[in-house]
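Taking it in order: structure first as structure tokens, then the write-up.
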Amino acid sequence: IIRSHVKDGYEMAKNAKMPKVITDIIRQHHGTGLVSFFYQKALESGRYEKVNEEDFRYEGPLPQTKEAAIIMLADSVEAAVRSLSKPTVGRVEGTVRKIIKEKLNDGQLDECPLTLQELDKIGDIFTHILSGIFHTRIEYPEKELKAEIEGSGAK
């Protein structure tokens, strides 16, 4: 099911006569990336004599455009940041940088024209956006919250 969503999404978009640029991005947005959660589970289970990593990779192709690569990165970093229990700005940034580095090291960005400088900017932007969405708020005691609301002119 996890890996089939790319093929299913591609077929749905193709049947809906979506532009080729969209269907290409759908096909490329996971590249040949490893579905690491299930791969690790298979390794740890001890039920298999040999676990073939290729069986736990998406079919690809790799992202061919900057746009497809950015969507790949956005999908991955959003999911990873969403799973953080206490998403401070530092933890968000660390997670974003880790995901980008893993994609680079795994060769997932080898066929797209993104530069390292652009990847650094993308990392900054993702960190800024995701920190704003997922940051944890301080829980104010009721008395302080009431004083803050009254002090802001809200009644």
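How about the range 29-73: which of its residues are without any contact (Cβ under 8 Å) to a residue 24 or more places away in the chain, in contact with a helix residue (DSSP H, G or I) (Cβ under 7 Å, 6 or more places away or on another chain) and in a loop (DSSP other than H, G, I, E, B)?
Correct list: TYR48, VAL51.
How many residues are polar (S, T, N, Q) and within 21 Å of LEU73 (Cβ to Cβ) if we restrict to the range 1-50? Before you say what the answer is, go through the steps one by one.
Here is the first cut: in the range 1-50, the residues polar (S, T, N, Q) are 4, 15, 23, 28, 32, 36, 40, 45.
Restricting the remaining residues to those that are within 21 Å of LEU73 (Cβ to Cβ) gives 23, 28, 32, 36.
Matching residues across the range 1-50 total 4.
Of ILE122, ILE149, which residue is at pLDDT 75 or above and either aliphatic (A, V, I, L, M) or within 15 Å of LEU84 (Cβ to Cβ) (or both)? Quick ask: steps written out before the conclusion?
Working: ILE149 fails: at pLDDT 75 or above.
ILE122 is the lone residue from the list that is at pLDDT 75 or above and either aliphatic (A, V, I, L, M) or within 15 Å of LEU84 (Cβ to Cβ) (or both).
Among what's in the range 11-42 and is loosely packed, with under 14 Cβ neighbours inside 10 Å and more than 21 Å from the chain's Cα centre (by Cα), pick the residue that is nearest to CYS112 (Cα to Cα).
Here the answer is LYS20.
Can you tell me which of (1) buried (at least 18 other Cβ atoms within 10 Å of the Cβ); (2) more than 18 Å from the chain's Cα centre (by Cα); (3) closer than 27 Å to PHE134 by Cα is the one GLN117 doesn't meet?
With (1) buried (at least 18 other Cβ atoms within 10 Å of the Cβ); (2) more than 18 Å from the chain's Cα centre (by Cα); (3) closer than 27 Å to PHE134 by Cα applied to GLN117, the lone miss is (1).
For the range 79-95, which positions are part of a helix (DSSP H, G or I), touching a residue at least 40 places away in the same chain (Cβ under 8 Å) and crowded, with 17+ Cβ neighbours inside 10 Å? Don't jump to the end; show me each part of the working.
First, the residues of the range 79-95 that are part of a helix (DSSP H, G or I): 79-82, 89-95.
Filter once more, so that each one left must be touching a residue at least 40 places away in the same chain (Cβ under 8 Å): 81-82, 89, 92.
Scanning the range 79-95 gives VAL81, VAL92.
Yes or no, residue by residue, for (1) out of contact with any Pro (no Cβ under 8 Å at 6 or more places or on another chain); (2) modelled with pLDDT under 95:
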{"position": "TYR10", "(1), (2)": "yes, no"}
{"position": "LYS17", "(1), (2)": "yes, no"}
{"position": "ARG27", "(1), (2)": "no, no"}
{"position": "LYS41", "(1), (2)": "yes, yes"}
{"position": "ARG47", "(1), (2)": "yes, yes"}
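Filter the range 99-111 for residues that are in contact (Cβ under 8 Å) with a residue 12 or more places away in the chain and assigned to a helix (DSSP H, G or I) and give the result.
Matches in the range 99-111: ILE99, ILE100, LYS103, LEU104.
The values are calculated or read from the model by the stated rules, or taken from the named source; none is laboratory data. Note that the structure is predicted; figures quoted are calculated from it, not measured. Every residue, glycine as well, gets a Cβ built from its backbone with ideal geometry; the counts of neighbours run over all protein chains shown.
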